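Colleague: I have a structure here, written as structure tokens, and I will follow up with some questions on it.
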């Protein structure tokens, strides 16, 4: 069965600090996809990144970067020079191939990030 | 391009009643998924529809049902509401069904009293 663990429930940092959100996943499939979503107080989940299991290259997008390591089943997310607007709940999610096709995301429990001035 | 639209945004219902929530996906998206978010259980997959067919279903009782129309709009229905059904219900749409990024709506906050 697939599982996503986000051990950090809440992280507080001061603006401009770097912060890393951890994500560890479990799956028996060799083909799978990993995602990160941001949930601001307004409630909608905002897509940040998708990574397939065959692509272990790290990715950087502005202040955001992701480190995917299959050897440790981890897909960590780093925010560089954090800003108050980064305050939100961040979810890591896993999607495996479904028998009938389609999407089914398994989410971690989320990490509440608070960035203070 | 308009995002995923969910209506209503807020709803208060009484135990035993039924409720219907609506989701209009992004134009051109044919896959619609539903998720329930509660403080205790987190985000849980309810079901997914593609071309009016249910492709996947999560571990929820039969009181939870859904459907998709030919224009890809989707509805989910919860019958015989229980207090534990109080949650944020999120709808997500995808361009193609397999493992692509899903775009979420702002959700419907259902309170059962």
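Read-outs throughout are calculated quantities, based only on the coordinates presented, and are distinct from any laboratory measurement. Remember, it's a predicted structure, so these values are computed and weren't measured experimentally. Quick reminder, even Gly has a Cβ in these numbers, built from the backbone with ideal geometry, and neighbours come from all protein chains shown.
Colleague: Tell me the label-point distance for the pair residue A:14, residue B:2, using the 7 Å Cα-to-Cβ offset, in nm and rounded to one decimal.
Modeller: Result for the modelled spin labels: 4.7 nm.
Colleague: If neighbour count is taken as other Cβ atoms inside 10 Å, put A:87, B:27 in order from fewest to most.
Modeller: Fewest-to-most ranking of A:87, B:27: B:27, A:87.
Colleague: Determine one quarter of the surface area of the Cα convex hull of chain B, which equals its mean projected area, and express it in nm² to one decimal. Display every interim value, and only then the final one.
Modeller: Working: hull surface 25.8 nm².
Taking the Cα atoms of chain B, their convex hull projects to 6.5 nm² on average.
Colleague: At a 10 Å Cβ-Cβ cut-off, how would you order B:47, B:60, fewest neighbours first? Write down the numbers at each step before the final one.
Modeller: Values: B:47 23, B:60 16.
Sorted ascending by nearby Cβ count, the order is B:60, B:47.
Colleague: Regarding the protein assembly as shown, what whole-number volume in Å³ per residue does the convex hull of its Cα atoms give?
Modeller: On the way: hull volume 28.8 nm³, N = 230.
Measuring per residue, one finds 125 Å³ for the Cα hull of the protein assembly as shown.
Colleague: How many angstrom lie between the Cα centre of the stretch B:63-113 and the Cα centre of the stretch A:51-102?
Modeller: 24 Å
Colleague: Among B:81, B:43, B:11, which comes first, second and so on when ranked by fewest other beta-carbon atoms within 10 Å? Please report the intermediate quantities before stating the final value.
Modeller: Working: B:81 19, B:43 22, B:11 15.
Exposure proxy ranking, most exposed first: B:11, B:81, B:43.
Colleague: I would also like to ask the following. With a ≥ b ≥ c taken as the square roots of the eigenvalues of the C-alpha gyration tensor of the stretch A:40-117, please select rounded if a/c is under 1.5 and otherwise prolate if a/b is larger than b/c or oblate if it is not?
Modeller: Details: a/c = 2.39, a/b = 1.43, b/c = 1.68.
Note, shape of the stretch A:40-117 comes out oblate.
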